[in-house]
Structures are given as C-alpha cells and as structure tokens.
Amino acid sequence: MKKLFRNRLALTEQGAKDLVRSSIATFFCYTMNMVPAMLLLLFFDQLVLGHTRSNGVYFAVSAVILVGLYVLLSIEYNSLYNATYRESEHLRIDIASTLSKLPLSYFSKHDLSDLAQTIMGDVAAIEHALSHAIAKLIGFLAFFAVVSVLLLTGNVKLGAIVILPILLNFLLILLSKRMQIKNQGKYYTKLRKNAESFQEAIELQQEIQSFGMAKEIKRKLYREMEESETIHIRAEILVGLTMNLASIVLYLSLVGVIVLGSVMLFAGEMNLLYFIGYLLAAMKLKDGAEAIGQNMAELFYIDSMIRRVKEIRQTPLQTGEEASLERFDIELQDVRFSYDADTPILKGVSFTAKQNEVTALVGKSGCGKTSILRLMSRLYDYEEGSIRISGKDIKAISTKALFDKVSIVFQDVTLFNTSVLENIRIGKTGASDEEVKRAARLANCEEFISRLPEGYATRIGENGATLSGGERQRLSIARAFLKDAPIVILDEIAAALDVDNEKKIQESLNKLMKGKTVIIISHRLKSIENANKIVVIEDGKVEAWGKHQELLTSSKTYRGLVESAQLAEAFVY
Ligand SMILES: Nc1ncnc2c1ncn2[C@@H]1O[C@H](COP(=O)(O)OP(=O)(O)OP(=O)(O)O)[C@@H](O)[C@H]1O
C-alpha cells in the first residue's frame, strides 16, 4: 500500500506512511459518523415500536459518540493536515536536493519558471489534494465496502438499490477519467507556457522597449491568456457535466429505497425500523459519494503535477565518489559531446592541460571552447571518450569533490541578491571577513565597493542588478581568488573590463595562477601569447597545439585568428 502511494502519488516514504494512517483514521471517522444515525434508530425503536430503554443508554451512547468523534477527529486532523504540511516541506526539499544533483544540461532543457512552479505550485496542489481529497477518498471507499456488505446481508434487494446507483456514480466518474486527465494536462501545459512567456517578457523588458516591441508582446500574451482560458473552460465544462450527471444518479439511491422500502413495508416484508435504517444509510452514502466525486476530480486534476514531480525525481543524477585528488593535470582523450542528438559539438577532442601551466583554448566563435570548459568542470557530462584528473575519470568523481578543486570565472556572472561580502564569500564558505576583503582587493574591487552606500554590507539586487558589468565580473574574480583552488578556469574574464582594471587584475591573476592548472579562453589573443600551451579548436576537434610562435607557422587556423584579431584592433567606427 505504502509503495503504491509512493509510486502513484510521488510521495516520500514518510508521506506514504502518513497517508495510510490518515486513510485509516478517515475510515473510522466515517464509521463513527454513522453512530448518531443508530442512536436515532434506537429512539425510533422506542417511539414507534414501543421498546423502552432507560435514559442512561442514550446518554452512554451519546457520550461514546462525542468522545470517540473527538479522538478520531484529532487523529484524522493530525495525520491529514499536520502530516500533509510536513510532506509538502519534505517533497520540496527532496525536489530541490534532486535538482542540486542534476547536470547543468537538465536546466538548459527546462525553463526555470517551470521548475520554480513545480516546487511551489505543483507541490501546493498535491498538498491540497493530500489534505482534502486522497485520504477521504480511500477512507470512504473502505467505509462504503463495509456498509455495502452489511446492507446486503440485512436485505439483498434494499441493499442493492442503495449500492447500485453509488457504483454507477463511481463508474461514470471513472469513465471520464481519461478525458479529464487529458484536458487538465492540456491546461497545465498551457499555463506553463504562459508562465514562460511572462517571465521572458519581464526579463527582456530592456530589449522589448528599445526595439518598440511592447504592443506586439502584449498582444501575444493576451492571445496566450485567451487560449488558456478556452482550454480551462472546456476542461471545466466536462468536469461539471460529469459531476452533475453522477450526482443526479446518486439520488436514485434515495428514491429507490423510498419506493421499494414502502412497497416492502406495506407488504409486511420488513418493519419500519429497517426501512428507516436503510433510508438513513442511503442518505449518508449519497452525501459521502457526492463529496468523494469532487475528490476524484481533484485527483485527476493533480495527475499532470504528479507526473512532473516524478519526472524530476527520476532524472538520472550525476554520481561519483568522494575521490581525493592529488595531481591536477587534466587529460582529455577523444572527447565527444553534443547538446542535442542532432548537432555534434565536440567530435573527438584530445589534449592535456598540465599543472603549473597555462593552457589557452582558441578557435572561431561557436567552435566549442566554452563547452570544453563546461565538460572539464562537470557542469555537463560528455558522451564518449574520457576526461581524467589525477588519473581518475571525472565521471567517477562526485561533483562536490570536483568543485572543491576548481575555481571558475565564466563570462556570464551569476550573483545573488545579498551583500557584496556574502557574494564573494560564496567562493569559500566559512571564510573570515578579512579573507573576503583580501580577495576583493586582489580582484580590484575595493575602489567600487567603497563607493557603495553600505560598503561590503550593500545588497546588490537580483543578479547584481545595481552593479556595472565590469564590477560584477570583478566580484566573480574575487570569488576565485578566495577559493584558491588548484584548477582555475577562466572564460573571457576580461570581456567586461576596461583596460585599467584588466591590467591590475592580470597582475593579481598571475599570482593566483602560480603552481595551478589554468585553462583560459580569451578573444584578446594578445593576452594569451605567453601561455605554455595554446590549443586550436576547429570543427569540434583539436587542429593544432603548441606555443604562440610555433603555431604561427604550423597552424593556418591560428594564423587566421591572429590576423582577424589584429584587424579588429585596427577597426574604427
Ligand atoms: N546550452 C546549450 N544548448 C544548446 N546548444 C548550445 C548550448 N551552449 C552552446 N551551444 C552551442 O554549442 C556550440 C559551441 O558553443 P560554445 O559556447 O562552446 O562555443 P565557443 O567556442 O565558446 O563560442 P564563443 O567563442 O562565441 O563564446 C555553439 O554552436 C552553441 O550555439
């Protein structure tokens, strides 16, 4: 049972356990709710059939009902609501922890608003269904089964007339299940697309305004909203029609008991007490089944969300052991890689970046230089060949163990909406304020930080929105200084720096790079002329490697790149 809940409803182990408990509690609550009806029967028995009892019996039964209901409702509340809130917390943590172990490739294929929506919105919908629908549905089905046996045992004909319409009601809802799931799924997918469009429109405000696209974007968003509204209305009409039809069918249960019961009563085939008992049971079951219909619809509604959560949790994680690395040569052997199956990016790249050396990657734009850096740092996993550090294939090293040894400065800097101090401290958790400030000095950040309203304590806005491109870049370099890892990866770090800053940072970088394995990409070929090894990438392969002077004679591609760089420097607007 627990396993079934875990698999079907994407619950955690504890969540599945709690659901079993809350379903049992709900079953007993339904059962206990029948006791007042029995009290009513006793009363009728006395009133109509003259079987007298002392008042104490009524008081005793009432007291049992009150205490029993209080205890059961407390258990039900605790296992239904408190446990559900715990479960949604666990579920969110579980998804977040899965996401943290996924390769970057997963995120490039999934929109971030979609993932955020899954963690917040989908889990909230599952939480609501867990607390309001699922346990109640299971509890009621168990209760219905028990009561059905009792009703059939008491009188087959009357029992059948109560039960059959309820079964028909379930059947109708189940028959519409596929259609409901399909329509709700369509609506869900459409809503996700809308969220992506809104996010894009907000993120690209600058471009939208400067290219005068505001009207067009607004029209597109309105159209998408209208489409989703149409899909939603269609889905709801279907739910409404099915539910109303199923509800009407339920009334047959009451009508049936009244008609057949009256006939049997007047024919002397049963006494009045039986008749009232069956009538009360039919009323209770009808009310319960009506509510359960809504619960079933809610279960169909969350089907797409459950599938989404499951899909995230079943994505293969990046695995590897906590290997201890001692030497830091990076050996690439026949590495092949593509972002999507149709377009190979790297078609067999082999070279070694040695410790204590600077290795520069050069090549035309889009030839795969950044991709190689991503593979070296396991931000993506390659498909064929091998990348070895300290003789170990990096796919066998946990990302944690690997990231501990790698400092990366990419051209796209990501900063958090927190203070300058904390943004740099990300380079080395637990670093003292003094260490952070030293790294900031080395990265030439001090001057602009001193101009900020609260210095190091200034919050820098979402992704450092209040800073210039060069300032953001320098904070990212400060992180690398602070981390001081044995492998340093630098991708176009000077792209957003002015000449003065670049010169100062170069001097600091030269100190940072000593004794390390440094891999660098720079479009300013001048800055990598002194590299120990320059690797020329062309058409997804290594075309040549060597020192600057050697390559000028041996590599046509390199010569071409140097000439283009010189032309670019001479270019004037
Ligand atoms: N996340 C991604 N998903 C799909 N394709 C990608 C992704 N990142 C890069 N590419 C494609 O892979 C190819 C290589 O990109 P890469 O960034 O490695 O080139 P590069 O040599 O570093 O380019 P540049 O010098 O312009 O920065 C390009 O054609 C690019 O469009």
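In degrees, nearest 10, range 0 to 90: what is the angle between the Cα axis of helix 303-314 and the longest Cα principal axis of the chain? Relative to the chain, helix 303-314 is tipped by roughly 40 degrees.
Measuring nothing but how far apart in sequence close Cα pairs (under 8 Å, 6+ apart) lie, relative to its length, the chain scores a relative contact order of 14 percent. Working from label points 7 Å from Cα in the Cα-to-Cβ sense, the E226 to E563 distance is 5.7 nm. Using alpha-carbon positions, what is the distance between the centroids of the range 71-104 and the range 1-62, in Å? If we compute the Cα centre of each part, the gap is 27 Å. Annotation: the antiparallel percentage among DSSP beta bridges lying fully within the chain is about 50.
If the chain linking V71 and A37 were pulled fully straight, counting 0.36 nm for each residue of separation and taking away their Cα-Cα distance, it would gain 10.3 nm. Computed extension gain for A396 through E383, at 0.36 nm per residue and net of the alpha carbon distance, reaches 3.3 nm.
Peptides 440-453, 276-289 ranked from most to least packed by the mean count of surrounding Cβ atoms within 10 Å: 276-289, 440-453.
From the square roots a ≥ b ≥ c of the eigenvalues of the alpha-carbon gyration tensor of the range 2-314, which class results: rounded (a/c under 1.5), prolate (a/b over b/c), or oblate? Taking the square roots of the gyration eigenvalues as a ≥ b ≥ c, the range 2-314 is prolate. For a straight C-alpha distance cut-off of 19 angstrom, the aspartates and glutamates reachable from K186 (same-chain residues fewer than eight places away being disregarded) are D111, D114, D122, E196, E224, E226, E227, E229, E236, E298, D303, E311. Label-to-label distance, K310 versus K182, with points set 7 angstrom from Cα along the beta-carbon direction: 1.9 nm.
Of all lysines in the structure, the ones whose alpha carbon falls short of 17 Å from that of K347, not counting any fewer than 8 places away in one chain, are K364, K369, K541. The long axis of helix 55-77 is offset from the longest Cα principal axis of the chain by roughly 10 degrees. The angle between the Cα long axis of helix 177-203 and the longest principal axis of the Cα atoms of the chain comes to about 40 degrees, rounded to the nearest 10. Sorted on the mean count of surrounding Cβ atoms within 10 Å across their residues, most packed first, peptides 520-529, 295-304, 200-209 read 295-304, 520-529, 200-209. Given R0 = 41 Å, the distance between the Cβ atoms of N530 and D334 translates into a calculated FRET efficiency of 0.90.
Placing a pseudo-label 7 Å from each Cα along the Cα-to-Cβ vector at E422 and E507 gives an inter-label distance of 3.4 nm.
Once the Cα-Cα distance is subtracted from the 0.36 nm per residue extended length, the T466 to E322 segment shows a gain of 48.0 nm. Work out the FRET efficiency for F198 and T414 from their Cβ-Cβ distance, taking R0 = 22 Å, and round it to the nearest 0.05. E between F198 and T414, to the nearest 0.05, is 0.50. Rounded, prolate or oblate: which one fits the range 254-365, using the alpha carbon gyration tensor with axes a ≥ b ≥ c (rounded when a/c is under 1.5, else prolate when a/b beats b/c, else oblate)? Verdict is prolate for the range 254-365.
Every read-out reported here was derived from the displayed coordinates using simple, explicitly stated rules and does not represent laboratory data. Since the model is a prediction, treat every value here as computed from it, not as a measurement. For neighbour counting, all protein chains shown are included, and Cβ atoms are generated from backbone atoms with ideal geometry for every residue, glycine included.
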